[in-house]
Amino acid sequence: MAKASAVMLKPTRAHVAKASAVVLTPTKAHVVKVHVVKAAAVMLKPMKAHAAKASVVKAAAVTPSPTKAHVVKAAAVTLKPMKAHAVKVHVVKAAAVTPSPTKAHVVKASVAEPNSLNKMLPVSHLNGDTLRGAGLGLRRAFLRDFVATSDNAANFFEIAPENWIHMGGKFSGLLDQAAEQMPMVCHGLSLNLGGQAPLDTELILEIRDFLHRYHAVCYSEHLSYCADDGHLYDLLPIPFTEQAINHVSDRIKQAQDLLGQPIAVENASYYCAPGQQMPEIDFLLAVLEQADCGLLLDINNIYVNSINHQYDALDFLRQLPTKRITYGHIAGHYRESATLLVDTHGSNVIDPVWDLLHEAYAIHGVYPTLLERDFNIPALSELQLELQRILAIQQTQSERDKLATGVGG
Ligand SMILES: [Fe+2]
């Protein structure tokens, strides 16, 4: 195991009242978690420290070491529990995988409009199928149970390719089994789409090969940045500016070209918006259009942002382009106060977020939706209940859609 390293992120803006220290603590051979040691002031309000059980979750408003131009003075908040970054530890295990068709109990409803972006994918990536129903973010904590479950409510699963590219041994074998059972989607962590440092071409090509090896149905990334001279181990907000739209759109296009397939970018949670020139929705819409990419629609992120930044979640949802929705995320969050929610993925989904998911289906049609659970991970049986709830909401909305259109009697 590597030694822990300490990184000081330098606050530079006036509103960043206190220095914050971030200690990067490798906790396993291949997983690095970030522990935020001290709380700092955010633009919203100062927060007292609260350590989430599994790891992170302290707010720190900091500015990463100076970068250039517009992405520069972003006051970044470390709120999202850190995900892993791969370390080469094992021999890569070759895997020829042919995912089987999804199960019969799968809700038939799929993306409301045929996903035009999927047409850009090589046929081998689609396996003659598109995503449908409910998915689960795969964690090693329940991987063995996941592949052994005979009545799995999940129709697809998601992994971060960086965590698996160099994985071998038993976990690699279990991943192969999971991929034989249902479609895989990949959700990247470290492409650094909003950053200033050159794109990591080597990483992108490794991801491309991984996507091919597992016939991943699609690939998504965060609309954020996570590196400068080195990795910052967090997902930091891109300023909502014209310059940043051009910058990140160009990088998405470059990454798509290298991958040979489209990327779906996820609407991010954020806790401050430095240098903001436009509303979040305008920024997101402009990037989707200019980069001509897909949207990974995270309902919990919309909910969290709508509380933290005081906007109308439904209004935001209505403005999103249906045709770009590749799939969705839903997750639980932490309630720091009535006006500050933290996107932790560490608890069950709350009712208002379920309600918002249903609204999203009513507006955009039912789309495949994946449950994220990264901390305080319960037994798989408990997650299955949340997957079943996704399926039930999809079923309800599908029936309403059929009644409304007179399809299916
Ligand atoms: Fe998400």
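All conditions but one from (1) in a helix (DSSP H, G or I); (2) within 14 Å of the ligand (Cβ to nearest atom); (3) farther than 20 Å from C186 by Cβ apply to Y270; the one that does not is (1). Taking the listed residues G365, G346, G275, the one that is under 19 Å from D234 (Cβ atoms) and over 17 Å from the mean Cα position of the chain (by Cα) is G275, with no other qualifying.
Read-outs: derived from the displayed coordinates by stated rules, not from any lab. Note that the structure is a prediction, hence the values are computed from the model and not measured. Heads up, the Cβs are rebuilt from the backbone with ideal geometry, glycines too, and the neighbour counts pull from every protein chain shown.
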